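The values are calculated or read from the model by the stated rules, or taken from the named source; none is laboratory data. If you're wondering where the values come from, they're calculated on a predicted model, not measured in any experiment. Virtual Cβ from ideal backbone geometry, glycine too; neighbours counted across all protein chains shown.
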Amino acid sequence: MTSTSMSDSEARLSPSYNLPTAVIGLGAVAVWWLPWLGILLALFGLFLLLQAATIRLAFTETALEVYRSDRQIRRFPYQDWQNWQIFWPRVPILFYFKEVKSIHFLPVLFSPRQLQQALETHLTDLKRSPS
């Protein structure tokens, strides 16, 4: 699924269920060796699955906006960003960005390719953190 374009320079990222599915699968395997750990992993995977189904990122001209369903819950203006990084680009699981006053880590619950594209499009002047 491609990003839903809100305008030429704004895009919402499509959800990706890869990470939640992998965590649930890991929990299913772990339950045979450590049942409590397997159950915890599976529950965490279900939580991530719910988040992937309801949370959306929108890259606008001036900010990264976070939506739950259709309601905006956070806004991160690009002018406050210092750097960003997608951890383990081959198997992206975590997205990091640093603002002037805070650091944010988000699980990759959306298309990693679209995320990379949006970051490169909207944050061209910002240096990416070293890998």
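Structural remarks
- Breaking point among (1) surrounded by fewer than 16 Cβ atoms within 10 Å (Cβ to Cβ); (2) within 14 Å of L106 (Cα to Cα); (3) aliphatic (A, V, I, L, M), for A52: (1)
- Selection status of G45, more than 16 Å from the chain's Cα centre (by Cα), farther than 17 Å from E10 by Cα and crowded, with 18+ Cβ neighbours inside 10 Å: no
Here's the yes/no breakdown for (1) of a type outside the set (S, T, N, Q); (2) at pLDDT 95 or above; (3) within 28 Å of A22 (Cα to Cα):
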residue	(1), (2), (3)
P77	yes, yes, no
I86	yes, no, yes
R90	yes, no, yes
I93	yes, no, yes
I103	yes, yes, yes
P112	yes, no, yes
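- Sole residue being farther than 13 Å from R12 by Cβ, among the basic types (K, R) and exposed (fewer than 12 other Cβ atoms within 10 Å of the Cβ), chosen from R90, R113, R75: R90
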